[in-house]
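This report refers to the structure that appears directly beneath it.
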Amino acid sequence: MITAIKLVLTSVLLVSETYQVALMLVGYGKVRPPLLGAEAASRAHRAIGDTAVPITVVVAVLCLSGYEIGDAIEHAGTRVAVHVVAASLLLVALVLKIIAVRVGGRTSRLLPVLGSTLFVLFALTFASTVPFFLGGNQ
Ligand code: HEM
């Protein structure tokens, strides 16, 4: 049951992270759709981000409390090692992004890089677990 919840939440996070990238393309004026302004896109990005952070932390806590990390890597090899590294970097990038948003000023210039990094790390975290479990493996 916990596994199913994690698989669903991780899939939702990847979809919302993809949408987050699209929103910021509008927010930074790279794409100008007729029905969505830059200001509204940026505010939506912030609201979705505020929701995604606690969900990510909950899934990470479930992972950290549910697995003996060393044993899992030894047992399942590269795939789990990729997951652990990507997810750990993801948490670090998340903290850095929150700091950059709060501090503002010149640190705001780091936001596009941190956002893109987060997207790649979410994709790796997803790809190293969800397809494996949905393929019927345990
Ligand atoms: C430092 C943070 C994390 C560590 C150390 C960690 C570690 C692990 C380990 C060892 C597994 C077992 C893999 C297997 O046997 O196939 C696992 C599974 C999984 N993790 Fe993580 N994880 C972390 C964060 C995250 C995050 C942030 C997400 C989602 C955004 C996530 C999503 C999943 C999913 C969906 C599974 C497969 C379902 C399950 O095993 O219950 N993990 N994690």
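Just so you know, all these numbers are worked out from the coordinates, no wet-lab data involved. All values reported here derive from a predicted model rather than from experimental measurement. Note that we place each Cβ from the backbone using ideal geometry, even for glycine, and neighbour counts take in every protein chain shown.
Amide H to amide H, which residues 5 or more places from TYR67 or on other chains are under 5 Å from it, using H placed in the peptide plane?
Under 5 Å from the amide H of TYR67: no residue qualifies.
For helix 38-66, what angle does its Cα long axis make with the longest principal axis of the chain, in degrees from 0 to 90 and rounded to 10?
For 38-66 against the chain, the angle is about 20 degrees.
Ranked by Cβ crowding within 10 angstrom, fewest neighbours first, how are MET24, MET1 ordered?
Details: MET24 21, MET1 5.
Lowest to highest Cβ neighbour count: MET1, MET24.
Using helices alone, I'd like the mean residue ellipticity at 222 nm for the chain: each DSSP H run of four-plus residues gives -39500 (n - 2.57), total over residue count, nearest 500. List each step's numbers first, then the result.
Details: 6 runs with 111 residues, N = 138.
Calculated mean residue ellipticity at 222 nm is -27500 deg cm²/dmol.
Taking H placed 1.01 Å from N in the peptide plane, check which residues at least 5 places from VAL31 or on another chain put their amide H under 5 Å from its amide H.
Residues meeting the amide H criterion: VAL26.
How far apart, in nanometres, would the label points at VAL57 and ILE69 be if each is projected 7 angstrom from Cα along the Cα-to-Cβ direction?
Here the answer is 1.8 nm between the modelled labels.
Could you give me the radius of gyration and the Dmax of region 2-134, taking only the C-alpha atoms into account and expressing both in angstrom?
Cα radius of gyration and Dmax of region 2-134 are 16.0, 52 Å respectively.
Hey, for a label at VAL92 modelled as a point 7 Å past Cα toward Cβ, could you say which residues of region 116-131 have their backbone N under 12 Å away?
Taking a point 7 Å out along Cα→Cβ of VAL92, no residue of region 116-131 has its backbone N under 12 Å.
Would you please give the FRET efficiency between ARG79 and ALA4, computed as 1/(1 + (r/R0)^6) with r the Cβ-Cβ distance and R0 = 25 Å, to the nearest 0.05? Don't skip to the answer; put the middle values down first.
Working: r = 19 Å, r/R0 = 0.77.
Using R0 = 25 Å, I get an efficiency of 0.85.
So for the chain, averaging the separation of alpha carbon pairs under 8 Å that are six or more residues apart and normalising by length, what relative contact order in percent results?
On the way: 97 pairs, mean separation 39.2, N = 138.
Rounded, it is 28 percent for the chain.
How big is the gap, in Å, between the Cα center of region 124-138 and the Cα center of region 25-55?
Going from one Cα centre to the other spans 29 Å.
Give, rounded to the nearest 20 debye, the magnitude of the charge dipole that the chain has about its Cα centre when Lys and Arg contribute +1 at Cβ and Asp and Glu contribute -1 at Cβ.
Working: 10 positive and 6 negative charges, 138 e Å.
The dipole magnitude comes to about 660 debye.
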